[in-house]
Amino acid sequence: MSLANGPTVQGGPGFLPTENEGRNHFTFAVGGVGGLLFNQPNDANAYAGAGALSGYIQRRRWELMYEDGGALGNFQLNGSNLVGLNRAALRANGQLNARWLWQGSATNAYGNDTLRVFAPLDYRTVGNTEAPVTDTVAYGLHSGNIVDQQEDFKLRTAESRRSSWDFSAAHTLRYYSDDGVDVQTVRGRADYLHATSRNVAVGFEAGGAHQTGPTPCTLGGAGMLGLFQWGSRASLSVNGTANGASSECGKSVQFTGDASLYIRAGNRDDVYLTGNRDLSDGVVENLALLDSAGAGIRHQFTRNTSLRFSGAAIYGTDPKTKIGYNGTFGEAAISYPLGKGFLQETAYRHYQVSRIPGGDNRDVVTFTLWWSPKRNQQTLQARK
C-alpha cells in the first residue's frame with residue numbers, strides 16, 4: 001500500500017518517465033504543437049513550440065523527481081496573440097525510520113487558459129495507466145492567464161505489518177486574471193488502514209476542508225475507505241465521507257468521496273473508471289461542490305504505438321442561484337513513432353460546458369511532434 005501520487009505532469013505521452021527507473025537520470029523532449037479550434041464565432045488556430053524535462057535522484061532514505069513542460073506560441077483568434085503555458089511538478093518521498101514514511105509534492109500551471117485546449121493535457125495515475133484530469137472539461141473558458149497550484153504533504157506510520165496511519169495536509173490555489181477571481185482550498189485528513197489479506201485493506205478516515213472565493217464552503221466529517229487488488233490485472237480504490245457543512249455549501253450535510261477502478265483487459269488494453277465528489281477548488285468559479293467522473297481505454301499496438309479514448313464529465317449546482325452546471329470532455333488520440341527519436345500524436349478533442357458564457361461546444365484537432373534523445377537511444381539499442 002503505497003502513498004498516493006497526485007496528478008502527473010508530463011510533456012508528452014510516452015516521452016518522459018512517469019515512474020522511477022531505479023537509478024538517477026535526466027532526460028528532455030522538444031517539439032511543436034499545432035491545432036484548429038471549431039464551433040466558435042470565429043474559428044481559431046494555434047502554433048507553438050514545446051519542451052519538457054524530467055529528472056530523478058535516488059538516495060538511501062529519500063528520492064526526488066522533477067518534471068517541467070511548457071509551450072510558447074501564436075494563438076490566432078481575432079488577431080495574432082503571443083501566448084505561453086508552463087506546467088511543473090516537484091515530488092519527493094523518504095523514510096525517517098523503520099516506521100515513519102513521508103511524501104510531499106508541489107505542482108504549478110501558469111499561462112494562457114485558451115492554450116490549455118491545444119497543449120498536452122494534465123494526467124493522473126489510475127492503476128497502471130494515465131487519465132486526463134477531470135478539470136480538463138473546463139479548459140479554455142477564460143481569455144486571460146490562469147494560475148493552478150497545489151502543495152500537499154503526507155506522513156505514514158506503520159502500527160504493525162498490516163496496519164498504518166496516514167496524516168495529510170494540502171493547499172490548492174486557482175487564480176483567473178481576467179475575472180480577478182481567487183479560489184483557495186485547504187484540507188487536512190487522517191486515515192487508518194488495515195490489510196485483512198494480501199489483496200484487501202479497509203479502514204476509516206476523518207478530516208475537514210475549507211474553500212474561499214465566490215462560493216466559500218467548510219466541511220468536516222468521517223467515513224470509510226477500502227483498497228482491493230487482483231494481482232497486476234485489476235485494482236479498486238474507494239472512500240466515502242459524511243460531512244457537516246457550513247450554510248454557504250447549500251446543505252447542512254454533504255457527502256464526499258472518490259473511487260477509481262483499473263482493469264488490464266488482455267495483454268494490450270487498459271481500462272479505467274473514476275468518480276469523485278468534493279469541493280470544486282474553483283474548477284468552475286461559482287460552484288461549492290463538484291461531481292466528476294471519467295472513463296477511458298488505451299490499446300497498445302506496440303511498445304511505442306497506442307490508441308486511446310478518454311472521457312470526463314462534471315456537474316454542480318450554484319448554492320446561491322440553484323442553477324445547475326454540467327460539462328463533458330472527450331478525446332480520441334493516436335501516438336506513433338516516426339523513427340530517430342521522433343513521436344507524432346494526433347488527437348481530436350471535444351469540450352462542452354453549459355451555463356457558462358463562451359462555454360458551449362468546442363472541437364479541437366491537435367498535432368504534436370516530439371523528439372527526445374532518450375527515445376532515440378532506445379531505438380538504437382533495440383536495433384543492436
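The values are calculated or read from the model by the stated rules, or taken from the named source; none is laboratory data. For clarity, every value in this text was computed on a predicted model and none was experimentally measured. Note that we place each Cβ from the backbone using ideal geometry, even for glycine, and neighbour counts take in every protein chain shown. Heads up: the accessible areas ignore ligands, DNA and RNA and are worked out on the full protein's heavy atoms, side chains in. Shrake-Rupley method; radii C 1.70, N 1.55, O 1.52, S 1.80 Å.
The table for this structure:
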{"quantity": "Segments 168-178, 316-326 sorted - mean Cβ within 10 Å per residue, highest first", "calculated": "168-178, 316-326"}
{"quantity": "Relative contact order (%) - criterion: Cα under 8 Å, at least six apart; region: the chain", "calculated": "12 percent"}
{"quantity": "Gained length - ASP178 relative to TYR110, 0.36 nm times residue gap less alpha-carbon distance", "calculated": "23.1 nm"}
{"quantity": "Förster radius 25 Å - calculated FRET efficiency between HIS25 and ASP269, Cβ distance, rounded to 0.05", "calculated": "0.30"}
{"quantity": "Per residue solvent-accessible surface (Å²) - segment 70-211, probe of 1.4 Å", "calculated": "44 Å²"}
{"quantity": "Pairwise centroid distance, computed over Cα atoms, of segment 271-290 with segment 45-85, Å", "calculated": "25 Å"}
{"quantity": "Cα-projected label distance for ARG60 with GLU248, points at 7 Å along beta-carbon direction, nm", "calculated": "4.9 nm"}
{"quantity": "Label-point separation, SER163 to SER354 (7 Å along Cα→Cβ), nm", "calculated": "4.9 nm"}
{"quantity": "Virtual spin-label span in nm between ASN128 and ALA234, 7 Å along Cα→Cβ", "calculated": "1.5 nm"}
{"quantity": "Cα-based shape type of segment 173-279, given that a ≥ b ≥ c are square roots of the gyration tensor eigenvalues and the cut on a/c is 1.5", "calculated": "oblate"}
{"quantity": "Cα shape, segment 88-167, gyration tensor, a/c 1.5 rule", "calculated": "prolate"}
{"quantity": "FRET efficiency for PHE309 and PHE38, using Cβ-Cβ distance with R0 set to 22 Å, rounded to 0.05", "calculated": "0.65"}
{"quantity": "Tensor-based shape of segment 225-384 (alpha-carbon gyration tensor, a/c under 1.5 rounded, otherwise prolate or oblate)", "calculated": "oblate"}
{"quantity": "Share of carbon and sulfur in the accessible heavy-atom surface of segment 25-371 [1.4 Å probe, %]", "calculated": "59 percent"}
{"quantity": "Solvent-accessible area per residue, Å², over segment 225-384 with all protein chains present [probe radius 1.4 Å]", "calculated": "48 Å²"}
